[in-house]
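Encoded as structure tokens, the structure appears first; notes follow it.
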Amino acid sequence: MNRSRTRLRLRRLGIAAVGAVAFVGVAAGPAAAHAEVTASDPRALAENVTLSFTSEAESETAGIAELRVVLPKGIAPDALTLKDAPKEWKLTATADGYTIGGPALATGTDAEYSVTVRQLPDEKSLAFKTLETYGDGKVSRWIEVPTAGEKVDNPAPVLELKAAAPGAKPIASGPSPTPSAAVPSALPSNASPSAPVASAGARAAGDEEAGSGTGAVVGAVAAVLLLAAAGAFWWMRRGRGRA
């Protein structure tokens with residue numbers, strides 16, 4: 001009899017414990033919402049990789065309208081393009097990442113989208129700090145990066161990368177133009193400097209002035225000769241008249 005009662009009490013305690021655990025799990029549901037990222041090829045230096053993001057909705061009154069993402073080191077904003085997103089959502093590059101958003105999603109709907117990255121960096125893991133903005137202005141910040149296996153309240157989406165494939169190398173960027181090619185010289189290498197050019201101009205002006213002076217002297221001499229000839233002619237006629 002005592003054994004039966006003991007078993008009944010233990011059974012009741014077990015049911016109560018299971019109920020308590022279930023209650024705690026339901027109560028912790030909203031707080032368990034988070035953001036995630038996966039990759040089509042999660043290897044360092046992999047090229048043309050599709051990154052898929054999911055931001056779980058946690059608001060009971062409004063839908064997600066915009067996501068602000070800070071890219072990890074090694075991925076430039078211009079190195080990715082939008083592949084898939086909710087209807088009418090657009091991606092806009094920022095100084096350190098991008099924003100993607102549009103009309104607010106239905107309340108309770110997770111925000112899912114994907115982008116294509118030209119190449120993943122040579123790292124072991126990548127953190128994509130994310131800010132979720134809802135239609136009512138509420139903001140959820142998934143920006144904490146756990147270290148040493150510790151747990152954080154608002155973890156950022158983290159992508160764990162495998163080792164790079166054999167022979168994989170970073171995509172080489174185009175060579176920068178040399179100064180001579182970028183800014184060609186305005187003058188040929190044998191061009192005369194500006195000072196001698198100015199001196200030549202001065203010499204030309206001096207020659208012109210000298211020519212003008214010579215012309216003036218010649219004119220004056222001619223005028224004197226004409227006056228002398230006129231005087232001589234007048235004197236000769238006068239002499240003839242007296243004779």
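The values are calculated or read from the model by the stated rules, or taken from the named source; none is laboratory data. This one's a predicted model, so the numbers in the text were calculated from it and none came from an experiment. Every residue, glycine among them, receives a Cβ derived from its backbone with ideal geometry; neighbour counts consider all protein chains shown. When the accessible area is computed, the model is the full protein with side chains, heavy atoms only, and any ligands, DNA or RNA have been set aside. Shrake-Rupley method; radii C 1.70, N 1.55, O 1.52, S 1.80 Å.
Of the listed pairs LYS83/LYS151; LYS87/LYS138; LYS90/LYS162; LYS73/LYS169; LYS90/LYS169, which have alpha-carbon separations greater than 25 Å here?
Over 25 Å Cα-Cα: LYS83/LYS151; LYS90/LYS162; LYS90/LYS169.
Gain in length, ALA165 to ALA93, computed as 0.36 nm per residue apart minus the alpha-carbon separation, to one decimal in nm?
Values: separation 72, 0.36 × 72 = 25.92 nm, distance 2.94 nm.
The span from ALA165 to ALA93 would gain 23.0 nm if fully extended.
Taking the Cβ of PRO157 as the centre, find all other residues whose Cβ is under 14 Å away and add up their charges (Lys, Arg: +1; Asp, Glu: -1). Let's see the in-between values first.
Details: positive: ARG68, LYS129, ARG141; negative: GLU36, GLU56, ASP110, GLU112, GLU132, GLU144, GLU160.
Computed value for this residue: -4.
Test of the criteria: in the range 125-156, which trypsin sites (Lys or Arg not before Pro) are in a DSSP loop and have at most 14 other Cβ atoms within 10 angstrom of their Cβ? Don't skip to the answer; put the middle values down first.
Working: sites: LYS129, LYS138, ARG141, LYS151; in loops: LYS138, LYS151.
Passing both the DSSP loop test and the Cβ count: LYS138, LYS151.
Obtain the nm distance between the two label points defined at THR61 and SER125 by a simple spin-label model: each point lies 7 Å from its Cα along the Cα-to-C-beta direction.
3.5 nm
Might you tell me the accessible area per residue for the range 81-131, computed with a 1.4 Å probe and given in Å²?
Numbers: 2760 Å² over 51 residues.
With the other protein chains kept in place, the range 81-131 gives 54 Å² per residue.
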